[in-house]
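Just below is one structure, and these are the notes that go with it.
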Amino acid sequence: MIVVLKSNVDAARENQLIDWLKNMGLGVHVSVGEYQTVLGLIGDTSKVDTDLISSLDIVESVKRVSETFKCVNRKFHPEDTVVSIGDVKIGGGNFCLIAGPCSVETEEQIISVAKAVKAAGASLMRGGAFKPRTSPYDFQGLKDRGLDLLRIARKETGLPIVTEIMSITDLPLFEDIDVLQVGARNMQNFDLLKELGQTRKPILLKRGLANTLKELLMSAEYIMANGNENVILCERGIRTYSDYLRNTLDLSAVPMLHELSHLPVIVDPSHATGIARMVPPMALAATAAGADGLIIEVHNDPMHALCDGPQSLTPEEYAALVPKILSVREAIR
Ligand code: PEP
Ligand code: MN
C-alpha cells in the first residue's frame, strides 16, 4: 500500500502517522521526492483502514499495491534512484560505461585494459576474479589474487572496480571493492542476496539465464528489503531459441523495468550475444532503448583470453564504439 502525502505537510504530523503505521506492525519506506512524499507500507496491510487514512488532512491519496515487489516498485519511489560509486553516478539521467576483461589474468593485462577503457571514456572497470564457469575444468579465476590485481589497476587509473561475488563466505575479501556483481547464475541465491542486503555496497544484479522480469525484481527486493537501496539491474540476455547467438538480448526489458521500478537498468551486450562483432550494434540499440549504462567486455588479446575471448572487443574497437554510444545517448535526450 502507498500513502501519498500532500506537499509541505507538518513534519510532526507526518511522524505521528508513520509511528501509528509502524505500531500496526508495518514497515514504512519513506520516499521524499521533489514535489511529494510517498510512504510505502510493507507487511500485512489487509487490516489497514484505507478510508480512515484517506480522511487525514495531510494525506493526498492511498493506493493498494498489488505487485509482490514493494521496495523496488516505482509506486513506492516515483523518482529514479541514482546509485553513486564515488563520483560516478548511475540512473536518473546519469549514464555510465563499465568495461574490462571477463577475467583478471595478469597485472599487465588488467592495468593496460583499465588504462585503455578509461582513455576511451569508461568510468568503471570490470574484471572477474571469482568466475562462475560451466565446466569445473575451465579457468576459475585468480580469486583473492585477482582482487589484489584489480586494486592495483584502480590505484593506477582511479577507476572504481566492478567484480563478481559468488559466495557469502568470500564477503570479507570484498570489503573495499566498489561494486559487487551478482552474476546471472546467482540471481536467485537468496542467502547471498540477503547478506548483500545487509551491506551498503552498490550491487550490480544480473538477470538469470531463464528468469522473468518479475523474478529479477523479486531478487532485487531481497537486497532492498534487507536495507541496501544501492541496486543496479542488468539485462544480459536470456535463453530462447537463438541458435547463432549465445543468448537473446531482451531489450524490451529496459523500458519495462524502468516503468516497474525506480532502479537503474544497464545492459551487457557481451554476454547477451557472445560474439564481439554483435556487441557494437546491440550496445547502440540498448542505449537507444534507454539503458542507464553498458557493461562491455574488453580484452587486450581476445584470441588468447582465458575466458570469453570471442565476445571481447579489443581496446581499439571499444574506443571506436564509445563516441557512437554517446551520440545515440545524445539523440534520445
Ligand atoms: C561476467 O560478467 O563475466 C559473467 C559471468 O556474467 P553473467 O553472470 O551475466 O553470465
Ligand atoms: Mn564473461
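Scanning the stretch 269-299 for residues that are of a type in the set (V, I, T), in a helix (DSSP H, G or I) and within 23 Å of A210 (Cβ to Cβ) yields a total of 2. Would it be correct to say that H258 is in contact with a Ser or Thr (Cβ under 9 Å, 6 or more places away or on another chain) and in the same structural domain as I232 (by TED's automatic domain parsing)? For H258, the condition - in contact with a Ser or Thr (Cβ under 9 Å, 6 or more places away or on another chain) and in the same structural domain as I232 (by TED's automatic domain parsing) - is not met. Going residue by residue through the stretch 86-96, is there one that turns out to be closer than 25 Å to A220 by Cα, away from ligand 2 (no atom under 16 Å from the Cβ) and among the aromatic types (F, W, Y)? Within the stretch 86-96, one or more residues are closer than 25 Å to A220 by Cα, away from ligand 2 (no atom under 16 Å from the Cβ) and among the aromatic types (F, W, Y).
Counting only residues that are free of Cβ contacts under 8 Å to residues at least 40 places away in the same chain, within 14 Å of ligand 2 (Cβ to nearest atom) and aliphatic (A, V, I, L, M), the stretch 269-298 holds 2 of them.
List the strands (runs of 3 or more DSSP E) that sit entirely inside the stretch 51-146 and contain at least 1 residues that are open to solvent by 60 Å² or more (accessible area, probe 1.4 Å) and over 22 Å from P269 (Cα atoms). Full working, then the answer.
Working: elements: 59-63, 83-85, 88-90, 96-100, 124-126.
Counting at least 1 such residues, we get 59-63.
Which condition number does P101 fail, the rest of (1) in the same structural domain as V322 (by TED's automatic domain parsing); (2) at pLDDT below 95 being met? Only one criterion in (1) in the same structural domain as V322 (by TED's automatic domain parsing); (2) at pLDDT below 95 is unmet by P101, namely (2). Residues that are part of a helix (DSSP H, G or I) and either touching a His at 6+ places or on another chain (Cβ under 6 Å) or surrounded by fewer than 24 Cβ atoms within 10 Å (Cβ to Cβ) (or both) are absent from the stretch 226-238.
So, K194, is that one more than 20 Å from R133 (Cβ to Cβ) and of a type in the set (K, R) or not? Step through it out loud before you land on a result.
Numbers: more than 20 Å from R133 (Cβ to Cβ): yes; of a type in the set (K, R): yes.
For K194, the condition - more than 20 Å from R133 (Cβ to Cβ) and of a type in the set (K, R) - is met.
Here R246, R333 are screened, and the one residue that is basic (K, R), under 23 Å from R185 (Cβ atoms) and either more than 15 Å from ligand 1 (Cβ to nearest atom) or open to solvent by 10 Å² or more (accessible area, probe 1.4 Å) (or both) is R246. Residues in the stretch 249-296 that are among the aliphatic types (A, V, I, L, M) and within 13 Å of ligand 1 (Cβ to nearest atom): L249, I266, V267, A272, L294, I295, I296. Comparison of D308, D301 shows that the only residue that is farther than 17 Å from I325 by Cα, open to solvent by 40 Å² or more (accessible area, probe 1.4 Å) and within 16 Å of ligand 2 (Cβ to nearest atom) is D301.
The values are calculated or read from the model by the stated rules, or taken from the named source; none is laboratory data. Please read all numbers here as calculations on a predicted model, not as lab measurements. Glycine gets a Cβ as well: all are built from the backbone with ideal geometry, and neighbour counts include every protein chain shown. These area figures cover heavy atoms from the full protein model, side chains too; ligands, DNA and RNA do not enter into them. Shrake-Rupley method; radii C 1.70, N 1.55, O 1.52, S 1.80 Å.
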